[in-house]
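Peer 1: Pasting a structure here, questions to come.
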Amino acid sequence: MLHLKLPTDPRWVGIAEMQIEDILVDHAYCEQKAASSCISLILRFNELDELVDTLTPIVAEEWGHFERVMDQIRKRGMNFGKPRKDEYVIKLNEFVKKGGSRREHLTEHLLMNALIEARSCERFKLLSKNIADEELQKFYYELMISEAGHYVTFIELARKYYDADKVNKRWQEWLDYEAQVLKNMDLRGDRMH
């Protein structure tokens with residue numbers, strides 16, 4: 001369903017489990033950034049009523065996820081550390097086409113958000129199936145389902161506001177690019193992406 005071209009290295013889960021505090025902190029920041037990204041799109045494209053109406057509940061949901069991750073951090077006696085540079089998202093941002101129409105610009109950001117949600121969904125699934133902590137298994141299973149819905153929503157919005165054939169072609173380019181990004185990144189267990 002996610003159509004990712006390169007699956008996460010299976011070793012990531014074991015490394016992540018050994019660094020669960022780092023993963024939870026990074027995850028909290030990812031949820032905050034997801035909410036912020038949707039807010040940014042709402043503000044920049046406020047004339048698109050359906051976009052605003054669709055993204056508004058996603059903002060609330062992503063912020064709810066942030067709060068839930070913070071609960072997991074606090075209940076384990078962990079500290080909410082400082083944000084870290086997200087090399088994955090930085091690399092994805094480099095692929096965003098510059099220029100073009102407002103609709104093209106919107107499409108680029110919707111597709112980038114869809115890709116981040118798809119990768120998050122895949123990682124949450126891995127965590128839900130493979131870590132020993134039963135509470136976190138359930139937690140990540142629930143979030144996996146939510147992220148899958150967001151991924152689909154972003155793709156559908158892109159197709160609504162721009163030519164569907166062009167969106168599909170560009171989506172394949174994004175998927176190919178993301179696979180190369182992942183292939184060239186070090187395997188780290190202290191980051192969600």
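Computed from the coordinates by the stated procedures, all read-outs in this text should not be read as laboratory data. Please read all numbers here as calculations on a predicted model, not as lab measurements. Positions of Cβ are generated from backbone atoms using ideal geometry, with glycine treated the same way; all protein chains shown enter the neighbour counts.
Peer 1: Give me the residue from the stretch 88-102 that is out of contact with any Asp or Glu (no Cβ under 9 Å at 6 or more places or on another chain) and in a helix (DSSP H, G or I) and, out of that set, nearest to Leu24 (Cα to Cα).
Peer 2: The qualifying residue nearest to Leu24 (Cα to Cα) is Val89.
Peer 1: Of all the residues that make up the stretch 165-193, how many are of a type in the set (A, V, I, L, M, F, W, C) and loosely packed, with under 13 Cβ neighbours inside 10 Å?
Peer 2: 1
Peer 1: Can you find a residue that is of a type in the set (S, T, N, Q), over 21 Å from Arg84 (Cα atoms) and touching a residue at least 24 places away in the same chain (Cβ under 8 Å) anywhere in the stretch 30-41?
Peer 2: No; the residues of the stretch 30-41 include none that is of a type in the set (S, T, N, Q), over 21 Å from Arg84 (Cα atoms) and touching a residue at least 24 places away in the same chain (Cβ under 8 Å).
Peer 1: Being under 15 Å from the mean Cα position of the chain (by Cα), more than 15 Å from Tyr151 (Cα to Cα) and surrounded by 13 or more Cβ atoms within 10 Å (Cβ to Cβ) narrows it down to one residue among Val89, Val52; which is it?
Peer 2: Matching residue, one of Val89, Val52: Val89.
Peer 1: Being out of contact with any helix residue (DSSP H, G or I) (no Cβ under 7 Å at 6 or more places or on another chain), without any contact (Cβ under 8 Å) to a residue 60 or more places away in the chain and surrounded by 12 or more Cβ atoms within 10 Å (Cβ to Cβ) is true for just one of Gly77, Gly64, Gly99. Which residue is that?
Peer 2: Gly64
Peer 1: How many residues, within the stretch 3-26, are of a type in the set (S, T, N, Q) and more than 21 Å from Ala148 (Cα to Cα)?
Peer 2: Qualifying residue count, the stretch 3-26: 1.
Peer 1: Within the stretch 175-193, how many residues turn out to be of a type in the set (Lys, Arg) and within 9 Å of Lys5 (Cα to Cα)?
Peer 2: 0
Peer 1: Turning to a different aspect of this structure: Output the number of residues of the stretch 153-193 satisfying the condition of being acidic (Asp, Glu) and part of a helix (DSSP H, G or I).
Peer 2: Number satisfying all stated conditions: 5.
Peer 1: Separate question: I'm trying to understand the selection: among the residues of the stretch 107-152, which are in a helix (DSSP H, G or I), among the aliphatic types (A, V, I, L, M) and out of contact with any helix residue (DSSP H, G or I) (no Cβ under 6 Å at 6 or more places or on another chain)?
Peer 2: Ile116, Leu136, Ile145, Val152
Peer 1: State all residues of the stretch 141-151 that are surrounded by fewer than 21 Cβ atoms within 10 Å (Cβ to Cβ) and in contact (Cβ under 8 Å) with a residue 12 or more places away in the chain; if no residue qualifies, say none.
Peer 2: Passing the criteria: Tyr141, Met144, Ser146, Ala148.
Peer 1: Write out, first by first residue and then by second, each pair whose Cβ atoms fall under 8 Å of each other, whose residues are 6+ apart or on separate chains, and whose first residue, in the stretch 173-188, is more than 13 Å from Glu87 (Cα to Cα) while the second is part of a helix (DSSP H, G or I) and of a type outside the set (A, V, I, L, M).
Peer 2: Listed by first residue and then by second, the contacts come to Trp174/Phe95; Tyr177/Phe95.
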